[in-house]
Amino acid sequence: FFHSLFLGVGKTTLIQKVTQALKSSGVPVDGFYTQEVREGGRRTGFDVVTLSGNRGPLSRVSPSSDSSASRREYRVGQYVVDLVSFEQLVLPMLRDVS
């Protein structure tokens, strides 16, 4: 129940508007959020989006016919996590925290 209470209430929109307001006031901001990816009305994964505007795949639904035996996969439920994309987008900003 608690999880569904916060679905579709504009969390991402709020982050975007607050970030925009802070930036226009001269306040430096950095960070990231995740955004749902849909195809044909169906959720197919999530992207990681930095507050500076960079975007990359975070996870995607893995086709059931896809064999993971030939490569190492990081999974969360039905999603395969794109660890390389996450590390390229997010780790640099975490290293620069002072």
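All of the numbers you see were taken from the coordinates with simple rules; none came from a lab. As the structure is a computational prediction, the values presented were derived from the model and not from experiment. Every residue, glycine among them, receives a Cβ derived from its backbone with ideal geometry; neighbour counts consider all protein chains shown.
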For a quick check: with amide H placed at 1.01 Å from N, whose amide H comes under 5 Å from residue 52's, ignoring anything fewer than 5 positions away on the same chain?
31
With r defined as the distance between the Cβ atoms of residue 72 and residue 15 and R0 fixed at 30 Å, what FRET efficiency is calculated, to the nearest 0.05?
0.40
Residue by residue through the range 27-39, the couplings from Karplus 6.51 cos²θ - 1.76 cosθ + 1.60 with θ = phi - 60°, in Hz, x for Gly and Pro, are 8, x, 10, 8, x, 7, 9, 10, 10, 4, 10, 10, 9
